[in-house]
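Bear in mind these aren't lab numbers, they're just calculated from the coordinates by the rules spelled out. Predicted model only: the values in this text are computed from it and were never measured. We place every Cβ from the backbone using ideal geometry, glycine too, and count neighbours over all the protein chains shown.
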Amino acid sequence: EAGVVQSPRYKIIEKKQPVAFWCNPISGHNTLYWYRQNLGQGPELLIRYENEEAVDDSQLPKDRFSAERLKGVDSTLKIQPAELGDSAVYLCASSRRPGEIYEQYFGPGTRLTVT
Amino acid sequence: RKEVEQDPGPFNVPEGATVAFNCTYSNSASQSFFWYRQDCRKEPKLLMSVYSSGNEDGRFTAQLNRASQYISLLIRDSKLSDSATYLCVGHQAGTALIFGKGTTLSVSS
């Protein structure tokens, strides 16, 4: 079974530029999560989708971050414009059903560096 | 104060040692707890769930004390391959997982 796929793996951009990350969850997993992990910290949830519906986006900085999961499968997270403080690893995760929130399968992440 | 707090370490132990990690949580409404493992520059992976009755998986034992709001992970007979960061995770129904900062373990020969 293929795992969670993310691209790109690494991205270096200048501040004020836009950037987008893509995630394809494990086949059949209805719940998709985007996390941000700063150096020396645990992952922090940005947004959670149940199918195509965003059910928890309370921690998403909506002034510059946006996300979509139009067909309830793959998802895109965008930052526009990026700031220096956005440098982090952006992790996508999926789980089979809402009740299995604890067993999340993470992708390898996108390491973003904003200069 | 973060909802889930861990001693970041690092814990440096020789092979064969027994090592224990502790974690405290501040939200008494948290219902479920887990330990995730994260290797350097890799993604987190579920290690085990934590139950009040204790949960053992080979060399790993997890324990939850709700009265003290305290979670532990014990690793016996440490292996070099146990070197990683161990993330304590709490969950309240209907909300997201809350990850601690992680505790770094380094096992040396």
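Worth pointing out:
- Using θ = phi - 60° in the Karplus curve 6.51 cos²θ - 1.76 cosθ + 1.60, the 3J(HN,Hα) couplings for the range B:73-84 round to 9, 10, 10, 9, 6, 3, 10, 4, 6, 7, 4, 4 Hz; x is entered for Gly and Pro.
- Lacking any other cysteine beta-carbon closer than 4.7 Å, the following Cys residues of the protein assembly as shown have no compatible partner: B:Cys40.
- Taking the square roots of five times each eigenvalue of the Cα gyration tensor of chain B, the equivalent ellipsoid has semi-axes of 23, 15, 12 Å, listed largest first.
- Secondary structure note: in the protein assembly as shown, about 90% of the DSSP beta bridges are antiparallel.
- The mean count of C-beta atoms from other chains within 10 Å of the C-beta of residues in A:34-42, rounded to a whole number, is 4.
- Most fluctuating residue given options B:Leu73, B:Leu47, B:Leu87, as computed from a GNM of chain B linking Cα atoms under 10 Å: B:Leu47
- All-pairs Cα distance distribution in the protein assembly as shown, expressed in whole percent, bin size 10 Å: 8, 32, 34, 20, 5, 0
- For A:Asp56, the residues whose modelled amide H falls within less than 5 Å of its own, excluding neighbours fewer than 5 places apart on the same chain, are A:Arg48.
- Within the range B:1-74, the trypsin sites (Lys or Arg not before Pro) that combine a DSSP coil assignment with at most 16 other C-beta atoms in a 10 angstrom radius are B:Arg1, B:Lys2, B:Arg41, B:Lys42, B:Arg59, B:Arg66.
- Rounded to the nearest Hz, the phi-derived 3J(HN,Hα) couplings of the range B:52-68 under the Karplus curve 6.51 cos²θ - 1.76 cosθ + 1.60 (θ = phi - 60°) are 4, 7, x, 9, 10, 9, x, 7, 10, 10, 10, 9, 10, 10, 5, 4, 9, where x marks glycine and proline.
- FRET efficiency estimate (nearest 0.05) - Cβ-Cβ, B:Asn65 to B:Ser108, R0 30 angstrom: 0.45
- With R₀ set to 41 Å, the beta-carbon distance separating A:Lys78 from B:Cys40 gives a calculated FRET efficiency near 0.90.
- Charge dipole (chain B, unit charges on Cβ, about Cα centre) - positive-most of B:Ser68, B:Val89, B:Ser52: B:Val89
- The Cα-based radius of gyration of chain A, divided by its Kirkwood radius, gives an Rg/Rh of 0.95.
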